[in-house]
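Trainee: Below you'll find the structure I mean.
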Amino acid sequence: MMYMHYCKRCHRIFMLNGHKMICPKCADPLTELQISYLDYVDLDMAQREAYKNACADEQQLNKLKTTYRMYKYSKWYKELQSQNTANLPLTTLLASKAQRNVMEMQHNTSTMTSDFPL
């Protein structure tokens, strides 16, 4: 299923399949929104812009967001929590892991290009 998510850093609304927690663009935590995919696609461009601007306001975002609670029963969550010695919030932990992966990929790419100059 398609779910609507908002990224504060990118100031962008994403339509993503499943209950994602990390922004695909910047790897920061996402906020899942209550609005359904079908309701969102029925909005015209001005309404979408107004909705996005409402998400930028912290108080309004608290009213517009929802929490998916079933992930706590999944195997990946239990494994992640067993490694979470600092007791960080889940989105913070996932975002830091995603950002580390991005940095490693960038480092590996730069090493590859320096190994094989054109």
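The values are calculated or read from the model by the stated rules, or taken from the named source; none is laboratory data. Keep in mind that what you see is a predicted model, and the values were worked out from it rather than measured. We place every Cβ from the backbone using ideal geometry, glycine too, and count neighbours over all the protein chains shown. Heads up: the accessible areas ignore ligands, DNA and RNA and are worked out on the full protein's heavy atoms, side chains in. Shrake-Rupley method; radii C 1.70, N 1.55, O 1.52, S 1.80 Å.
Trainee: Just give me the residues in the stretch 54-83 being at pLDDT below 75, surrounded by 11 or more Cβ atoms within 10 Å (Cβ to Cβ) and polar (S, T, N, Q), in sequence order.
Mentor: GLN81, the sole residue that qualifies.
Trainee: Out of (1) modelled with pLDDT under 90; (2) assigned to a helix (DSSP H, G or I); (3) open to solvent by 40 Å² or more (accessible area, probe 1.4 Å), what's the single condition that is false for LEU88?
Mentor: Going through (1) modelled with pLDDT under 90; (2) assigned to a helix (DSSP H, G or I); (3) open to solvent by 40 Å² or more (accessible area, probe 1.4 Å) one by one, LEU88 breaks only (2).
Trainee: Which residue pairs have Cβ atoms under 7 Å apart, sit 6 or more places apart or on different chains, and have a first residue in the stretch 49-66 that is in a strand (DSSP E or B) and a second that is among the acidic types (Asp, Glu) and open to solvent by less than 80 Å² (accessible area, probe 1.4 Å)?
Mentor: These pairs meet every condition: LYS65/GLU32.
Trainee: State which residue pairs qualify: first residue over 26 Å from ALA98 (Cα atoms) and inside the stretch 20-48, second residue of a type in the set (D, E, K, R) and outside any loop (DSSP other than H, G, I, E, B) in any location, beta carbons under 8 Å apart, and separation of 6 or more residues or different chains.
Mentor: Hits for this filter: TYR40/ARG48.
Trainee: Need the failing condition index for GLU32 against (1) acidic (Asp, Glu); (2) surrounded by 17 or more Cβ atoms within 10 Å (Cβ to Cβ); (3) modelled with pLDDT of 95 or more, just the number.
Mentor: (3)
Trainee: One residue is enough: does the stretch 38-53 have a residue meeting the conditions modelled with pLDDT under 75, loosely packed, with under 12 Cβ neighbours inside 10 Å and more than 17 Å from ARG9 (Cα to Cα)?
Mentor: no
Trainee: Across the stretch 11-44, what is the total count of residues that are charged (D, E, K, R) and under 11 Å from the mean Cα position of the chain (by Cα)?
Mentor: Total meeting the criteria: 5.
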